[in-house]
1. Using the heavy atoms of the protein chains alone and a 1.4 angstrom probe, what is the accessible area of region 76-223 per residue in square angstrom?
2. Quote the Stokes-Einstein diffusion coefficient, in whole µm² s⁻¹, for the chain, based on the Kirkwood radius over alpha carbon pairs, a temperature of 25 °C and a viscosity of 0.890 mPa s.
3. DSSP loop (so not H, G, I, E, B), at most 12 other Cβ within 10 Å: list which trypsin sites (Lys or Arg not before Pro) in region 1-84 pass both filters.
4. Less than 18 Å from a label point 7 Å out along the Cα-to-Cβ axis of V136: which backbone N atoms in region 89-128 qualify, by residue?
5. Which of E170, E299, E281 moves most in a GNM of the chain, Cα contacts under 10 Å?
6. If you put +1 on each Lys and Arg Cβ and -1 on each Asp and Glu Cβ, how big is the dipole of region 1-149 around its Cα centre, in Debye rounded to 20?
7. With a probe of 1.4 Å, find how much accessible area region 240-326 has per residue, and write the answer as a whole number in Å².
8. Say each of D150 and N326 gets a label point 7 Å from the Cα, pointing the same way as Cα to Cβ; how far apart are those two points in nm?
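The values are calculated or read from the model by the stated rules, or taken from the named source; none is laboratory data. Just so it is clear, the structure is predicted and the values come from calculations on it, not from any experiment. Methodologically, a virtual Cβ is constructed for each residue, glycine included, from the backbone with ideal geometry; neighbour enumeration extends over all protein chains shown. We work out accessible area using only protein heavy atoms, side chains counted, and drop any ligands, DNA or RNA first. Shrake-Rupley method; radii C 1.70, N 1.55, O 1.52, S 1.80 Å.
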Amino acid sequence: MNRILEENKAWIDDAWQKITSKLRDNSILLKDTIPFVTTDGIYDDKSKAPGAWTNGFWPGIMWLMYDATGEESFRIAAENAENILDKALENFKILHHDVGFMWHISSGANYKLTGSEKSKNRNLHAASVLASRYNVDAGFIKAWNDEGADGWAIIDCMMNIPLLYWAAKETNNVAFRQIADRHAKKTMEHHIRPDGSAYHVVEYDISSGEVLGYPWTQGYDKDNSAWARGQGWAIYGFALAYLHTGNVQYLDTAKKCANYFIANVCATGYVPRHDFRQPDEPDIIDTSAGAIAACGLIEIAKAVPELEKKMYMNAAVNVMKALTENHCNWTKEEQSILQNSSACYNSNVHRSLIYGEYFYVEAMYKLKGFDKLFWM
Ligand code: GLY
């Protein structure tokens, strides 16, 4: 693994220096906002919609950079965003299962890096909200609040349950861990197909927990999608569940999902298409899916025995190299770095989305050798 990093050191160092320079400028320019997407190179501001699921990624980026550099402008921007997020924490009815994305890498990161008790408290409140969405009879965490979606669980939630594992350790309340484990096991059983691809949504009977169907919301095809970003959530989410619990079934599931991802991206220059089963045209790609998966592949590479490491680390490096060489913008005219993320198959295609940016920076932070894992 070290040899792979050594061989790739030159481009990783060069990219890291450019990432630091661009984000340093952004930490000052955007310090009172919460960016989501750029239009003509300029970020919007989601601070007026504090409940948006994407609002933790900007402070998360700022905390990664604060840890890497110790520069105050990053801390200030992260803390400003965290204060804005309080408006969401105070308004229970707008909250959903993505509280993990929102608080674990903002308040959770703050607590990890500075020891802030206030931030720890915020993260524990978020964990309680997530735990409250657990359906005890059916054994899953409900995703969204929409009418008719009481039985819906989505693969993305594997990235939210690390918040519960963390809360169990912080509070010695085993209920948080039990909920996370029950949800993870049900996800392992019903979201992952035999070939390692993942369903985005599984609908359960809310009393018996029996599978009722696979409603379509993301990816190309109603019945048979292999949504690349969902694959990323599965790879990284199961890798994190393994790191939290030591349960090798989770690691095996992360590997199975990773193997499907690697087999597919090999054919497209290591940049995933939006859905691995979409038609050739239009050629919609999703760089955010690549960055998310790369973060998971690096954790898998660290966790597996020596002779298995190379495959996962090589894949992660190949993805990040392809993103860096072909999909990054280092100019001042464009505020974001990572280009060509696609929120959906039919909308917000080939844009700069803050979650793509976050996972690009997290993966590069890991490749540079920094080792804080905010999801723990
Ligand atoms: N968690 C929503 C998405 O990835 O689109």
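1. Details: 6100 Å² over 148 residues.
On a per-residue basis, region 76-223 sits at 41 Å².
2. Values: Rh = 20.4 Å.
The estimated diffusion coefficient comes to 120 µm²/s.
3. K48
4. 128
5. Top of the fluctuation ranking is E281.
6. Numbers: 17 positive and 21 negative charges, 58 e Å.
Around 280 debye, computed over region 1-149.
7. Here the per-residue accessible area is 37 Å².
8. The two pseudo-label positions are separated by 4.7 nm.
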